[in-house]
Amino acid sequence: MLVDHVQLLQPIEPDQLEMLQRVFDRACEAKLASKRTVEATELAAQIISFYQHGVHGEHQLYVLVAGD
């Protein structure tokens, strides 16, 4: 069955969400992107995806999306 192959994602806790927000804010600033653009939406999706796939360090997430 397909359900046997689906990995359940854990909910993002408030403190984790705050960290993800900081990464997003810094990445938008570094890329000079307004937070209400398609680019910013893509950044947010990348940050969450990396986090859900095991990248939990704030600096590591930032480097992956901002390239610094």
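The values are calculated or read from the model by the stated rules, or taken from the named source; none is laboratory data. Computed from a prediction, not measured in an experiment: that's the story for all the values here. Because the Cβ atoms are built from the backbone with ideal geometry, glycine has one as well, and the counts that use them run over all protein chains shown.
Scanning region 28-66 for residues that are in a helix (DSSP H, G or I) and of a type in the set (Val, Ile, Thr) returns 38, 41, 47, 48, 63, 65.
Can you pull out every residue in region 32-50 that is crowded, with 16+ Cβ neighbours inside 10 Å, at pLDDT 95 or above and more than 11 Å from residue 66 (Cα to Cα)? 44, 48, 50, listed by residue number.
Within region 10-27, being acidic (Asp, Glu) and in a helix (DSSP H, G or I) holds for 15, 18, 25. Of all the residues in region 1-15, those that are at pLDDT 80 or above and farther than 19 Å from residue 42 by Cα number 5. Whenever a residue of region 44-68 is under 12 Å from residue 20 (Cβ atoms), its partners that are part of a loop (DSSP other than H, G, I, E, B), lying with C-beta atoms within less than 8 angstrom and at least six residues away or across chains, give the pairs 48/12; 51/12; 52/9; 61/55; 62/68.
Selection of region 27-68 for residues being among the β-branched types (Val, Ile, Thr), farther than 19 Å from residue 13 by Cβ and in contact with a helix residue (DSSP H, G or I) (Cβ under 6 Å, 6 or more places away or on another chain) yields only 65.
In the set 68, 25, only one residue is acidic (Asp, Glu) and at pLDDT 95 or above; that residue is 25.
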